[in-house]
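Colleague: Just passing along the structure, written as structure tokens.
Here, each number is a calculation from the coordinates, and none is a lab measurement. Keep in mind it's a predicted model, so treat the numbers as computed, not measured. In this analysis, Cβ positions are derived from the backbone assuming ideal geometry, glycine residues included, and neighbour counts consider all displayed protein chains.
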Amino acid sequence: MVHLSAVAMRKLREWAARRHAIEASFKVGASARLAELCADVGAKEAIDACWSFRQGLEGFPVIRLRARGALQLQCQRCLSPLVWPIELDSQLTAVGSENEIREVASPYDTVIAGPDGLMLGTILEDEILISLPMAPVHSQCEVVRESRPEAAPGLSRPLAGLGALMRQSRD
């Protein structure tokens, strides 16, 4: 995981002043939140990420996060594996406290470092989670229409035969 320890606001300011950049490969399995999404289909993927720092107009550090990769999720329609591409490019202004948010022109793209600092890996996780759809599905999904043997025992399907009944009534 990238930066297991928090990066202090003082360090973020230094990095912004010298336009520092960090490139890393972020392992999906190292993130409990992302690994949970990929649990059934694999959490071995890695996301390539780059954090670059610069000074913002208000004097606060601006973090540009670019990330690229893919997650193996589960299609919510057919329940088979689904490769979901990840391509991020976002900018966040880092402030030290909630009081400093008022000094930022666009507070909606602000992250609070706080007294403990800022974890770059958590920012990446958050941005990935924000970019994902609530229910990922294949663009061309073939839903299995028959009862699947691996379905949970005792699963109630009250409308399973409705289509056949409707066809019979029309004939």
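Colleague: About the Cα centre, and with charges only on the beta carbon of Lys, Arg (+1) and Asp, Glu (-1), how big is the dipole of the chain? Nearest 20 debye, please.
Modeller: Numbers: 19 positive and 21 negative charges, 49 e Å.
Around 240 debye, computed over the chain.
Colleague: With runs of 4+ DSSP H residues as the only contributors, calculate the mean residue ellipticity of the chain at 222 nm using -39,500 (n - 2.57) per run, divided by the residue total and rounded to the nearest 500.
Modeller: Working: 4 runs with 36 residues, N = 171.
After summing the helix terms and dividing by residue count, I get -6000 deg cm²/dmol.
Colleague: Over the chain, calculate the relative contact order: mean separation of alpha carbon pairs under 8 Å at least 6 apart, over the residue count, as a percent.
Modeller: Numbers: 276 pairs, mean separation 36.5, N = 171.
Reported as a whole number, the value is 21 percent.
Colleague: Something else now. Compute the Rg to Rh ratio over the range 58-129 from the alpha carbon atoms, using the Kirkwood formula for Rh, and round to two decimal places. Numbers along the way, then the final one.
Modeller: On the way: Rg = 15.9 Å, Rh = 14.1 Å.
The Rg/Rh ratio comes out at 1.13.
Colleague: Can you give the FRET efficiency to the nearest 0.05 for Leu129 and Met166, using r as the Cβ-Cβ distance and R₀ = 41 Å?
Modeller: Working: r = 41 Å, r/R0 = 0.99.
Efficiency at R0 = 41 Å is approximately 0.50.
Colleague: Here is a further query. Figure the gain on full extension for His138 and Leu155 (residue separation times 0.36 nm, minus the Cα-Cα span) and round it to one decimal in nm. Please list the in-between numbers first.
Modeller: Working: separation 17, 0.36 × 17 = 6.12 nm, distance 2.43 nm.
Full extension of this stretch gives 3.7 nm more.
Colleague: If you don't mind, another one. Would you work out which of Ala164, Leu57, Gln72 lies farthest towards the positive end of the dipole of the chain? Charges go on Cβ: Lys and Arg +1, Asp and Glu -1.
Modeller: Ala164
Colleague: Length gain on complete extension for the stretch Ser106 to His20, per 0.36 nm per residue less the alpha carbon to alpha carbon distance? If you can, show how the numbers build up before the last one.
Modeller: Values: separation 86, 0.36 × 86 = 30.96 nm, distance 2.28 nm.
Value of the extension gain: 28.7 nm.
Colleague: Now, a different point. Work out which trypsin sites (Lys or Arg not before Pro) in the chain are exposed loop sites (DSSP not H, G, I, E or B, at most 11 other Cβ within 10 Å) and give the longest gap free of them.
Modeller: Working: sites that count: Arg18, Arg19, Lys44, Arg145.
The answer is 45-144.
Colleague: Going through the range 6-112, which GluC sites (Glu not before Pro) have at most 14 other Cβ atoms within 10 Å and a DSSP loop state?
Modeller: Numbers: sites: Glu14, Glu23, Glu36, Glu45, Glu58, Glu87, Glu98, Glu100, Glu103; in loops: Glu45, Glu58.
In loop regions of the range 6-112 (DSSP not H, G, I, E or B), the sparsely surrounded GluC sites (Glu not before Pro) are Glu58.
Colleague: Only residues of the range 73-100 count here: report those whose backbone N is under 16 Å from the spot 7 Å along Cα→Cβ of Thr122, or say none.
Modeller: It comes to 93-98, nothing else.
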